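The values are calculated or read from the model by the stated rules, or taken from the named source; none is laboratory data. This structure is a prediction, so every number in the text was calculated from the model and none was measured. Reconstructed Cβ throughout: ideal geometry from the backbone, glycine too, with neighbour counts over all protein chains shown.
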Amino acid sequence: MDVLLRLKRFDPERDADPHWEEYTVQADPSDRVLDLLHQVKWYQDGTLTFRRSCAHGVCGSDAMLINGRNRLACEYLVKDAGTEISVEPIRGSQVIKDLLVDLDGFWEKYRSVMPYLVNDEVPADGKERRQSPEERERFDDTSKCILCGACTTACPSFWSNPDFVGPAAIVNAHRFIFDSRDQAGEERLQIMADADGVWRCRTIFNCVEACPRGINITRAILEVTAEVEKAQGA
Amino acid sequence: MFGYRISWAQLAWFGHRLSGIGVLVYLFMHIVENATLAFGPDVYDFTQTLFRNLPIRLGEILLMAALVYHSLNGLRVIVMDFWPATTAWYRPLTYGVIIATIAAMIPLGLIMIAPYAPWGRIL
Ligand code: FES
């Protein structure tokens, strides 16, 4: 079947503003939107620029605004998307070219929550830090994040205030704050307590709707918020 | 916000803002209206007559709807704040708030419009 693909394109060397361009591509219902982008890039217009790596929903490279919602192009099937598909770059970041956006700010916020295990003590048995299944379960949901940025760039709070640390960074803070082996919880909570931290969440749930991993992001944010309040003695 | 698909939860948040601003604006008007009491009973009685008509009553019904919605949705947000696990049901909770607002506004609206409705005058 034929699919009409509308792509928001922008070439900083030629265009003053982004504009829509249309392509007709042959597709099977089981094709993914990423396959359509490949068709355009490989057979129609080699200048089309976008990110992708694994093509199987693991690396988180290809979050895009597809048919009005953030999704992974490699996970969204034509049979669900329909025969008219529009693809735009994710919002709130500067577009470098076509569907490729500058994610430096996103990574900076990610790094700000210290997304790694902090524990300088030698484990009790000298070998490993044990954790019960219950303790592991505590942060299971947030450990699924693939850092695609679909949540943060779907958040109206982030659109209106680009300094908001954003759902993705909070999810990754949650991942370590609730890890029984970690010792930097206090520091992370301090970062989360910032004016541009967890307080910016307005429980709009756009992040939850956008997450390709089905993480209950708002729950994670509210749990971190409760923890921040506890730490502040509220 | 434009061009991004609006979900019910996003609409609920937008409605919360809108009703909040609406109620706040009303509050200012209400303060001014009541402050005319300072100029004596005559002035106050006169301002009150300005508020006894159908368009204002329709506005008051809207105000009531804003209050009901803002309170119910506020409760929803408070519940999620205190018990983050309840966010798992954010969709049914959102629908519930919207349906409850409509359900509450049917009798409330009928009672409020009664003095201006033909059947209301008969009653
Ligand atoms: S290309 Fe890796 S997640 Fe889509």
| said: Take residues that are away from chain B (no Cβ under 12 Å), modelled with pLDDT of 95 or more and closer than 24 Å to B:ILE6 by Cα and tell me which of the helices (runs of 4 or more DSSP H) falling wholly in the range A:166-226 contain 3 or more. | reply: A:166-177
| task | Search the range B:78-99 for residues being buried (at least 16 other Cβ atoms within 10 Å of the Cβ) and under 21 Å from the mean Cα position of the chain (by Cα), and hand back the single one that is farthest from the other protein chains (Cβ to nearest Cβ). | result | B:ILE98
| said: Quick check on B:THR86: is it part of a helix (DSSP H, G or I), more than 30 Å from B:ALA117 (Cβ to Cβ) and hydroxyl-bearing (Ser, Thr, Tyr)? | reply: yes
| Just checking, which of A:TYR76, A:TYR110 is assigned by TED's automatic domain parsing to the domain that holds A:PRO162 and either in contact with a Leu (Cβ under 7 Å, 6 or more places away or on another chain) or within 20 Å of A:VAL208 (Cα to Cα) (or both)? | A:TYR110
| Of residues in the range B:1-56 being closer than 26 Å to B:VAL77 by Cβ and of a type in the set (Ser, Thr, Tyr), the one surrounded by the fewest Cβ atoms within 10 Å (Cβ to Cβ) | B:TYR26
| field | Tabulated pairs, the range A:128-140, first in the same structural domain as A:ARG175 (by TED's automatic domain parsing), second among the hydroxyl-bearing types (Ser, Thr, Tyr), C-beta under 7 angstrom, 6+ apart or interchain | value | A:GLN131/A:SER180; A:GLU135/A:SER180
| message | Suppose we filter the range A:121-147 for residues that are part of a loop (DSSP other than H, G, I, E, B) and touching a helix residue (DSSP H, G or I) at 6+ places or on another chain (Cβ under 8 Å); how many remain? | response | 3
| message | Checking the structure you have, find out if any residue of the range B:8-19 is without any contact (Cβ under 8 Å) to a residue 60 or more places away in the chain, away from chain A (no Cβ under 14 Å), at negative phi and not aromatic (Phe, Trp, Tyr). | response | yes
| remark: Note: among A:VAL87, A:VAL33, just one is in contact with an Asp or Glu (Cβ under 9 Å, 6 or more places away or on another chain), outside the structural domain of A:LEU147 (by TED's automatic domain parsing) and surrounded by 20 or more Cβ atoms within 10 Å (Cβ to Cβ), namely A:VAL33
| task | Having 2 or more residues that are over 26 Å from A:VAL165 (Cα atoms) and either within 14 Å of chain B (Cβ to nearest Cβ) or more than 14 Å from the ligand (Cβ to nearest atom) (or both) is the bar; report the helices (runs of 4 or more DSSP H) wholly within the range A:9-120 that clear it. | result | A:78-81
